[in-house]
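Right, one structure below, let's go through it.
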Amino acid sequence: MTRRRDLEQHRHSLSEIRDIMNSMKTLAYMETRKLARFLDAQRAVVQSIEDVAADLLGFYPDILPEAEHSTALYLLIGSERGFCGDFNHALVKQLALTLQAHAVDDPMLVVIGRKLHTLLEDDVRLAASIDGASVVEEVTALLSLVINELMALQAKHRGLTLFCLYHNGQDDIAVKRLLPPFQQILHKPPAVAHPPLLNLSPRELLAELAEHYLFAALHEMLYTSLYAENNYRVRHLEGAVKHVDDESNELTRRCNALRQEEIIEEIEVILLSAGSLDTGWHQ
């Protein structure tokens with residue numbers, strides 16, 4: 001009886017845990033729906049800036065400053081909260097592969113998200129750590145913190161080559177170069193046949209585009225990473241809920257088996273008692 005009662009109590013505890021995890025999964029799914037709406041608009045902004053820069057550089061390629069020797073800075077966008085599987089470990093693994101492939105000397109790391117910081121807090125290359133966003137409403141404030149940190153590091157080291165590592169929402173990790181800007185589109189042919197009409201000099205316009213591009217691209221990456229994180233969380237919690245369900249079903253089976261044993265024992269006691277009564281009656 002005591003053993004069955006312990007199993008019933010354990011099953012009740014599992015039921016409460018399942019309800020909590022299921023609620024967390026629902027909240028994560030709702031967050032992905034909100035982020036999906038923001039992402040489309042932000043991607044369109046980034047694409048429009050890249051298109052304008054490509055057209056400008058297509059006619060004035062000499063206005064883009066030549067890439068000079070500078071300090072390599074890797075910005076890693078991890079998670080602020082847990083329950084998202086190997087989300088942060090995958091970033092650390094990709095960082096190692098990237099640094100090995102490019103043979104980078106003395107890189108600096110800036111980490112976003114407490115859970116990722118936990119994995120890299122003893123890394124001597126760590127230059128700064130920033131608390132991440134848990135919900136979409138926190139992304140704008142986070143962006144300001146990231147920009148301020150990057151400006152402080154750039155002022156200290158004068159020249160930075162900035163790479164960003166983040167989950168791209170397609171079960172993969174993107175490695176994107178942000179500074180110096182527009183290097184990847186320098187030789188892209190312009191979409192128009194004639195040079196654009198400008199109110200600023202091409203060099204001044206490019207400088208303004210670069211500033212807007214850094215904000216817009218980082219904004220998109222933070223949204224994309226948070227979207228991917230919540231997708232990871234949904235899948236991770238779905239697996240955890242299934243595991244709890246399986247364990248709960250096994251406990252139910254064991255409880256039923258123990259209850260059957262108890263019933264059999266009760267019947268045997270009743271039969272033994274009835275036999276004793278019969279024997280006493282005949283005597």
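The values are calculated or read from the model by the stated rules, or taken from the named source; none is laboratory data. Keep in mind it's a predicted model, so treat the numbers as computed, not measured. No Cβ is skipped: glycine too gets one built from the backbone with ideal geometry, and neighbour counts run over all protein chains shown. Each accessible area value is taken on the protein alone, full model and side chains, heavy atoms only, with ligands, DNA and RNA left out. Shrake-Rupley method; radii C 1.70, N 1.55, O 1.52, S 1.80 Å.
What the table below lists for this structure:
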read-out: Of residues in the stretch 1-26 being in contact with a helix residue (DSSP H, G or I) (Cβ under 8 Å, 6 or more places away or on another chain) and more than 14 Å from Ser248 (Cβ to Cβ), the one most open to solvent (accessible area, probe 1.4 Å); value: Arg3
read-out: Test: Phe83 is surrounded by 15 or more Cβ atoms within 10 Å (Cβ to Cβ), under 14 Å from the mean Cα position of the chain (by Cα) and not acidic (Asp, Glu); value: yes
read-out: Number of positions in the stretch 139-168 that are hydroxyl-bearing (Ser, Thr, Tyr) and closer than 17 Å to Leu109 by Cβ; value: 2
read-out: Test for Phe83: is it under 20 Å from Gly132 (Cβ atoms) and touching a residue at least 24 places away in the same chain (Cβ under 8 Å); value: yes
read-out: Single condition Arg235 does not satisfy, out of (1) at pLDDT 90 or above; (2) buried (at least 16 other Cβ atoms within 10 Å of the Cβ); (3) within 24 Å of Asn22 (Cβ to Cβ); value: (2)
read-out: Filter result for the condition that a residue is of a type outside the set (Ser, Thr, Tyr) and within 15 Å of Leu218 (Cα to Cα), over Leu145, Leu186, Leu109, Leu153; value: Leu145
read-out: Contacts under 8 angstrom Cβ, first residue in the stretch 159-181 being closer than 16 Å to Arg233 by Cα and of a type in the set (Gly, Ala, Ser), partner at pLDDT 90 or above and open to solvent by less than 20 Å² (accessible area, probe 1.4 Å), 6 or more apart; value: Gly169/Leu39; Gly169/Thr224; Gly169/Ala228
read-out: Pairs with Cβ under 6 Å, 6+ apart, first in the stretch 112-130 and over 21 Å from Cys84 (Cβ atoms), second open to solvent by 50 Å² or more (accessible area, probe 1.4 Å) and not in a loop (DSSP other than H, G, I, E, B); value: Ala128/Glu149
read-out: Residue within the stretch 57-67 that is aromatic (Phe, Trp, Tyr) and in contact with a strand residue (DSSP E or B) (Cβ under 6 Å, 6 or more places away or on another chain) present; value: no
read-out: Within the stretch 206-232, considering residues that are over 13 Å from Ala53 (Cβ atoms) and of a type in the set (Gly, Ala, Ser), the one surrounded by the most Cβ atoms within 10 Å (Cβ to Cβ); value: Ser225
read-out: Residue in the stretch 227-249 that is among the hydroxyl-bearing types (Ser, Thr, Tyr) and in contact with a Leu (Cβ under 9 Å, 6 or more places away or on another chain) present; value: yes
read-out: Enumeration of residues in the stretch 93-107 that are of a type in the set (A, V, I, L, M) and either buried (at least 18 other Cβ atoms within 10 Å of the Cβ) or closer than 18 Å to Thr224 by Cβ (or both); value: Leu95
read-out: Residue within the stretch 41-57 that is more than 25 Å from Cys164 (Cα to Cα) and open to solvent by 50 Å² or more (accessible area, probe 1.4 Å) present; value: no
